[in-house]
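Inspection log for the structure reproduced underneath, given as structure tokens.
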Amino acid sequence: MSIEELEDLLVDLMAERLGMERSDLLKGPMLDGSLRTRSILMVALMNQIAKIVGCDIIRSSDLDDAKRLRTARGTAEVLKEALERLVREAS
Amino acid sequence: MKAVKVVETIDDAWLATLELVDREPEGQLVHVVTTVRRPVADDLQCITGGREFQDQLDKQLLGRHPEWQPVDTVAETIFPDSLYRWDYQAWHPDLELGERLALEQRAEELFAEYKLLLPLIRRAKANRDRWHGTYFGRLVDWDGYNQLAYWISALRKKRTQRISSFKEVNFALAGEGELALGGQLRAATDRSNMGGPCLVHIDLSLVESRLHLLANYRHWFLQERAYGNLVGLANLQRFVCQQTGYLPGELVVVSGVANAQHDKGGRRAVGRLVENLRQLGLAE
């Protein structure tokens, strides 16, 4: 999945979780051109995705640069790196 | 000891505390008492911290100190507001069973999810560098004990007993006596003299149907943390009120040392910050 697709997925999950329409959510505050997010919620969503994948994909070191979790785009980048690592380690 | 002028909202309380402490030559005062008379709206729909005020504060402080955490991040170490949905009416023993169970389950789910995330959160750099934990983590899982769940169950029990004894009509007339609950955030065996946890204790007092919250900080960093701390504490108070059906009372912070952090940009920077926020007309 591309970063854009992962960002889309995160926004969908966020909207579902907050009980909002995606379009309403996207009217919210932006930061550096991406939806502004809260880090603890992003950790929870990544954990939700890990459950779907069926294994722990996120490590604490992925959260070291907490600034990345302040936007949907930054979180999508963290997620992509974690998924790529998973594939690398599995092969 | 200095008592800050008692104000209605979180925004004003933070500003008033910072202004008071900033006037000291060293920018520090011992035993400062900050009181917010109305930290949470009676209908529990919101806390009295303005979104615009918070955004401006973030903009100014993070512009000057990009390494600091935004207000939301600081606040969510005390109560993870973004993991909880508020769209339920407050708990009441006479709530329709399905609604009551759904509300109670919401709290249980919050605790369970946070505990699941805790190992990851504790080891993340921001917490590793501090004291390997979060305040909410200590509230819901201190060596397996959930302090917050106990507060809620004690308060629900109290509410149920009183209602069955006096019935609703006599509720206010009879009063409720008092109930005080305390939560520890710093271990008695903790020998660290510097660094966190700065928040050491939280008291909840139930007086005349209102739930008042008192928090004790060892050292209160007024620029870097205090506003986020007030938002987090108010949301914690709001949560306990929603889960027990009591009205919110006042929020008081007693700080051992309140620090305007003159070492972070100097006194002039604090003055500019306060002046900018006042000029925006976002506080009294």
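The values are calculated or read from the model by the stated rules, or taken from the named source; none is laboratory data. Quantities reported herein were computed from a predicted structural model and do not represent experimental measurements. Because the Cβ atoms are built from the backbone with ideal geometry, glycine has one as well, and the counts that use them run over all protein chains shown.
Conditions tested, residue by residue: (1) modelled with pLDDT of 90 or more; (2) surrounded by 23 or more Cβ atoms within 10 Å (Cβ to Cβ); (3) in contact with a Cys (Cβ under 7 Å, 6 or more places away or on another chain).
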{"position": "B:Pro197", "(1), (2), (3)": "no, no, no"}
{"position": "B:Leu213", "(1), (2), (3)": "yes, yes, no"}
{"position": "B:Asn216", "(1), (2), (3)": "yes, no, no"}
{"position": "B:His219", "(1), (2), (3)": "yes, no, yes"}
{"position": "B:Leu222", "(1), (2), (3)": "yes, yes, no"}
{"position": "B:Gly228", "(1), (2), (3)": "yes, yes, no"}
{"position": "B:Val231", "(1), (2), (3)": "yes, yes, no"}
Filter segment B:59-75 for residues that are within 10 Å of chain A (Cβ to nearest Cβ) and either touching a residue at least 12 places away in the same chain (Cβ under 8 Å) or among the basic types (Lys, Arg) (or both); which is surrounded by the most Cβ atoms within 10 Å (Cβ to Cβ)?
B:Ala75
Can you report the number of residues in segment B:29-79 which are of a type in the set (Lys, Arg) and within 18 Å of the chain's Cα centre (by Cα)?
3
Since B:Asp42 meets every condition but one in (1) more than 11 Å from every other protein chain (Cβ to nearest Cβ); (2) crowded, with 23+ Cβ neighbours inside 10 Å; (3) modelled with pLDDT of 95 or more, which condition does it not meet?
(2)
Within segment B:235-244, is there a residue that is modelled with pLDDT under 90 and either at positive phi or not in a strand (DSSP E or B) (or both)?
no
List pairs: first in segment A:8-32 and in contact (Cβ under 8 Å) with a residue 60 or more places away in the chain, second among the β-branched types (Val, Ile, Thr) and not in a loop (DSSP other than H, G, I, E, B), Cβ under 7 Å, 6+ apart or cross-chain?
A:Leu10/A:Thr75
Quick one: in segment A:45-63, of everything that is touching a residue at least 12 places away in the same chain (Cβ under 8 Å) and within 18 Å of A:Leu13 (Cα to Cα), which residue is farthest from the other protein chains (Cβ to nearest Cβ)?
A:Val53
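Could we say that B:Lys5 is among the basic types (Lys, Arg) and either within 14 Å of chain A (Cβ to nearest Cβ) or assigned to a helix (DSSP H, G or I) (or both) here?
Judged against the criteria, B:Lys5 is not a match.
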Identify the residue in segment B:76-88 that is in contact (Cβ under 8 Å) with a residue 12 or more places away in the chain and facing chain A (nearest Cβ under 7 Å) and, among all such residues, is surrounded by the most Cβ atoms within 10 Å (Cβ to Cβ).
B:Pro80
Residue match in segment A:4-16 (condition: surrounded by 13 or more Cβ atoms within 10 Å (Cβ to Cβ), facing chain B (nearest Cβ under 9 Å), charged (D, E, K, R) and on the phi < 0 side of the Ramachandran plot)
no
Check A:Ala66, A:Ala82 and return the single one that is within 14 Å of the chain's Cα centre (by Cα), within 11 Å of chain B (Cβ to nearest Cβ), over 15 Å from A:Asp8 (Cβ atoms) and crowded, with 16+ Cβ neighbours inside 10 Å.
A:Ala66
Can you pull out every residue in segment B:15-46 that is over 20 Å from B:Val4 (Cα atoms) and either of a type in the set (A, V, I, L, M, F, W, C) or in contact (Cβ under 8 Å) with a residue 12 or more places away in the chain (or both)?
B:Ala41, B:Asp42, B:Leu44, B:Gln45, B:Cys46
Would a scan of segment B:207-222 turn up a residue that is closer than 14 Å to B:Leu18 by Cα and of a type outside the set (Phe, Trp, Tyr)?
yes
Does segment B:26-39 hold any residues that are out of contact with any His (no Cβ under 9 Å at 6 or more places or on another chain) and surrounded by fewer than 15 Cβ atoms within 10 Å (Cβ to Cβ), and which are they?
B:Val30, B:His31
For segment B:47-58, give me each residue that is under 23 Å from B:Cys198 (Cα atoms) and free of Cβ contacts under 8 Å to residues at least 60 places away in the same chain.
B:Asp58
Where residues in segment B:89-112 are more than 14 Å from every other protein chain (Cβ to nearest Cβ) and among the acidic types (Asp, Glu), which of them is farthest from B:His201 (Cα to Cα)?
B:Glu96
